[in-house]
1. Take segment B:302-424, compute every pairwise Cα distance, and split them into 5 Å bins from 0; I just need the percent in each bin.
2. How shielded is B:304-317 by partner chains, expressed as the average number of their Cβ atoms within 10 Å of its Cβ atoms?
3. If I model a spin label at B:I281 and A:L47 as a point 7 Å from the Cα along the Cα→Cβ vector, what separation in nanometres do I get?
4. What order, most packed first, do the peptides B:14-26, A:57-69 have when packing is the mean number of other Cβ atoms within 10 Å of each residue?
5. Mark the label point 7 Å from the Cα of B:M233 along Cα→Cβ and return the residues of segment B:77-108 whose backbone N is within less than 11 Å of it.
6. Full extension from B:K109 to B:K12: what is 0.36 nm times the residue separation minus their Cα-Cα distance, to one decimal in nm?
7. What does the average come to when, for each residue of peptide B:437-444, you count the partner chain Cβ atoms lying within 10 Å of its Cβ?
8. To the nearest 0.05, how large is the calculated FRET efficiency for B:L335 and B:A364 if R₀ is 30 Å and r is the Cβ-Cβ distance?
Amino acid sequence: MEIKDIENLVNLCRIELSEDEKKELLGEMDSVLGFVDQIQKVKIEDLKTEAGELRNIMREDENPYAGGEFTDDILAEVPDNNTQDGYVKVKKIL
Amino acid sequence: MVIDLKTLTIKKAHEAMKAGDFTAQELAQAYLDNINPELNAFILIFDDVLEQSKKADERFKNGTAELLTGIPMAIKNNILIKGKRTTAGSKILENYKATYDATVITKLKKVGAVFIGGTNLDEFAHGSSTENSAYGVTKNTYDLERVAGGSSGGSAVAVASDMALVALGSDTGGSIRQPASFNGILGLKTTYGRVSRSGAVAMGSSFDQIGPFAKNIEDIKIVYDCIKGEDKMDSTTLKNGRTEELEQKIDLDKKMTIGIPRHFLQEGIDADVMENFEESIKKLKEKGYEVKEIELPNIKYSLAVYYILMPAEVSANLSRYDGVRFGFKKEGENLLEDYMKTKGEGFGKETRRRIILGTYILSAGYKDAYYKKAQVLRNIIRKDFEKAFSEVDVILTPTTPSPAFVIGSKGDDPVQMYLGDIFTVSSNVVGNPAISIPSGFVERDGKNLPIGLQILAPHLYEDVLVKISDDFLS
């Protein structure tokens, strides 16, 4: 792994890091990946079929709450009270 | 009157409140008076403790009191209580007030339990020492120079130091059992799906479970029985009817066999911890348990599997903290900068590290080599345990290879810290229940430090853990 890989990753997960911390992280990533790489010793024939039975469990969206029931409580948590007419205000996206 | 908090149990407290020996308000006050800020077990003490206890007293008067009515509890501060600050040990949630109750809290409110405060934890439960908390480290009950363990260190110390009678924690890789062992109390990680996680701040959703801390096994069972059960708000919870049917079929009176994975206990364990473990086995033999050596051929990979899958899940779960709807926000020039600055400043070091590691593991080109491979290994480890549990009733290991370590002593290499989870992670990987119970003391720097015995049982066999713990401790 190189510093540009760390830069790519922090952009992907949208975390701002200082240059010093990127360097520090590079060493730590090597250490953790070096440790977890032991699983490569295990030979597995077919990843796809052996990857397991986990699946999503969905439920019907029945008996929804009345509209607006929790709006005030939820909007009260918006940083800097950045709300208007029951909505959260965000900066321009496009 | 003076209440002897050291020897108090839920049943004793209940009987005393019923008989009028003391009120729930007096009991809560006794615990509040006993809070030692130096230990830093609590991030916040609730301001309505006496109000809650007053309601409990009314239930004793009108005859509707249940076993947990008026019982003072400490709650890990990553479990939501409506209207209370729930920080998850992070700066990013410093001022976040929960907008709803976690399901476990709804259940405990219904029986009238009293919540003393929110306890300290490693940020988002990322750690084994509470050193990663944005609110300072929690000190060990037995030595102020040492860590409380983690991530539920605050809950463990609150119970061990009599600042609450019982507590709730969460366990993703050992976060209930390890601090229980470091502070000489009991901690139960419940079967995956037996206790709802709705309202618990998510870390690794295929591992996380909520469970109790207590000073005796009876209290563990009382709290567990109250919080367990199906919940439509957590689709991973097990269906009530079928689950209970299975549990009722368990034969608690038969002669039980204990499995010891000796091949996994060869290195990395302190000599006196191992000696204590041998004594524990001997003790159970004397109590009539059969002991058998077992093989778990792939358990050695469980820590690596955990440190691949867990950060992957963390990176997905923590993407919600973006400064838009709740929590901390740091303004930038545009929306993308808002995100970058909010996360960069709001998250602590270990949390940032885990998100970035998880992002790497899930990124194109690495997903098969890490994530998928670890998933396959997880199934293989699960099958190893199934086979072992067809030969023995429970499996025993020490809870940790060493007692509580000195604050700051693990240095900067994250792997050194991760290695301490070696015995606890496997039951999160597999999903079976496991308990840590106090097994004695070892001496370090002239101080006696508690250590724990870990007992692992098959899925839903919590009652077997209770029985063996009871036999061991009585």
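1. For segment B:302-424, the pair-distance distribution reads 2, 9, 13, 15, 16, 14, 13, 9, 4, 2, 1, 0, 0.
2. Taking all residues of B:304-317 together, the mean is 2.
3. 3.9
4. On the way: B:14-26: 16.4, A:57-69: 7.1.
With the highest mean Cβ count within 10 Å placed first, the list reads B:14-26, A:57-69.
5. The answer is B:80-82, B:99-108, whose backbone nitrogens lie closer than 11 Å to the label point.
6. 32.9 nm
7. Partner-chain Cβ atoms within 10 Å, mean over residues of B:437-444: 0.
8. Plugging the Cβ-Cβ distance into 1/(1 + (r/R0)^6) gives 0.75.
Quick note: the coordinates plus some simple rules give every number you see, no bench work behind them. Every value quoted in this text rests on a predicted model; they were computed, and no experiment measured them. Cβ coordinates were reconstructed from backbone atoms using ideal geometry, including for glycine residues, and neighbour counts include every protein chain displayed.
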